[in-house]
1. Enumerate the calculated ³J(HN,Hα) couplings along the range 136-151 in order (Karplus 6.51 cos²θ - 1.76 cosθ + 1.60, θ = phi - 60°), each rounded to whole Hz, writing x wherever the residue is Gly or Pro.
2. For GLU217 paired with LEU331, estimate the spin-label separation in nm (one decimal), with each label point 7 Å from Cα along the Cα-to-Cβ line.
3. Residue-wise, which Karplus ³J(HN,Hα) couplings in Hz belong to the range 62-69, taking 6.51 cos²θ - 1.76 cosθ + 1.60, θ = phi - 60°, and x for glycine or proline?
4. Quick one: Kirkwood hydrodynamic radius for the range 60-133, alpha-carbon pairs, angstrom, one decimal?
5. Calculate one ³J(HN,Hα) per residue across the range 328-343 by plugging θ = phi - 60° into the Karplus curve 6.51 cos²θ - 1.76 cosθ + 1.60, and present them in order as whole Hz with x for glycine and proline.
6. Work out, step by step, the length gained on full extension between SER232 and ILE274: first 0.36 nm times the residue separation, then minus their alpha carbon distance; give nm to one decimal.
7. Could you give the size of the charge dipole of the range 216-303 about its Cα centre, using +1 on the Cβ of each K and R and -1 on the Cβ of each D and E, expressed in debye and rounded to the nearest 20?
8. Computed over the Cα atoms of the range 232-357, what is the convex hull's projected area averaged over all directions, in nm²?
Amino acid sequence: MTDNNQIIAEDHEVHERAPGLPFTDWINMALVIVQTGTLAVGLPNLITGSGVGYNLKITLLTLGAGIVSYGVLHVAVKFLAPLAAKKFRMAAIASVVGIGIVGGGFALATTSGSILPDVAALELQDHGTDVAVAIGQVDRLATEASRGSSTLGVISADLLQWARCEEQSSCLSLAPVAGRGSITIVLEELAERAASIQEQVSLGEETREDALDEINEQFAAYQETLGDPDKSVWQKRNELKLTDNLIHQASTKLSESVPLHLIRQYAEELDDGISLSGRADVAQRINKILGSHAKNLDAILKTINADAIIRPAFPARPGVDDALTHALSFLPIFLLIAAIDLVLPISVWVMAYLQSALAHEIAARRHQNQSPRKQERNNNVARMPRRGNGTANGKGKNFGPDAH
């Protein structure tokens, strides 16, 4: 077989395959089926709703996206790839941009919709951990509140003891005559106020215990619901939200059971002390006693500050941004879907481009090799004698005017 015949055969073989591209058609159809199927599974996780209208919306979005995907890839492979092979840059740009936008949209929607239930489960688990921390803080609050009750009892007893001492022996005022004076009355009033606050703290003890029991019970229910394998994450989320509200209510009830504002006001009153006109030395001795008790209460208040308790807010329903935030946790799924929606379409287009480029190059080589033969044929034709203008082998007839 001559070189020219071989080139013609190769060109014929390539052109037999290139225009139809049955393999790329099959890949295109299979890709659209996979894309629309995965999108139909993931889309309900992105769009909430129910009923006929909701199902119709999901169906139309899925079918519309599949049609667009097929149309873009078909046009890119069948029409734009051959043009790009012939150096039409806009065809290549349009192909890459179209495949990138469609494939990127499918990849983002499919990946987000596929992992969104798992992202929601992770966020619910993290919230459960935060709730456990808050419960620990509430437990410590209750324990320290009990300490505050006992401290108030000690303060009340100590102040009453000083009041009796002052009444009987003037141990604070050092007056020559003992008796029930203004100092005794002030100390008794301060002791009675401490006893009154202690009583309110004690009355709230039962409320605190009930609140702690409720918190522990609801948190156990939270963990049980979170680990239920028979419920979807969205069903769990609705139930856990109610459970979280009950935990929050119990925590608020526990905080309100401790009259922290009364304890704080009383500590400030003790810290301010008393003033006695013309008897600064006596006031100083009494304020030293009151100041020591104020410091003890301040130390307890710092440990039972209910405002310091962090009550975590229940997480909102996750969206695409949350899915992207957890991308590293689901990196294999991201890569797999990117390969389906982006790498495969681009590979099909590149294959079509290379086939068209090869066919174009073979056609150009054939034309180049046939040009000298065509020129030689034209020259031979030009050198051949014209019929009717002479003789052949000296035996031609003369049809001139003198031939008679």
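1. For the range 136-151, the Karplus-derived couplings read x, 5, 5, 4, 5, 4, 5, 5, 5, 5, 5, 5, x, 5, 5, 5 Hz, x marking Gly and Pro.
2. About 4.6 nm, to one decimal.
3. 5, 5, x, 5, x, 5, 4, 4
4. On the way: mean 1/r = 0.0665 Å⁻¹.
The Cα-based Kirkwood calculation yields 15.0 Å.
5. The phi angles translate into 5, 6, 10, 4, x, 5, 4, 5, 5, 5, 5, 5, 6, 8, 10, 5 Hz.
6. Values: separation 42, 0.36 × 42 = 15.12 nm, distance 6.53 nm.
Extra length available between SER232 and ILE274 comes to 8.6 nm.
7. On the way: 11 positive and 13 negative charges, 52 e Å.
I would put it at about 240 debye.
8. Values: hull surface 63.6 nm².
Answer in nm², one decimal: 15.9.
The values are calculated or read from the model by the stated rules, or taken from the named source; none is laboratory data. Keep in mind that what you see is a predicted model, and the values were worked out from it rather than measured. Ideal geometry is used to build each Cβ from the backbone, glycine not excepted, and the neighbour counts take in all protein chains shown. Note: accessible area is taken over every heavy atom of the protein model, side chains too, but ligands, DNA and RNA are not part of it. Shrake-Rupley method; radii C 1.70, N 1.55, O 1.52, S 1.80 Å.
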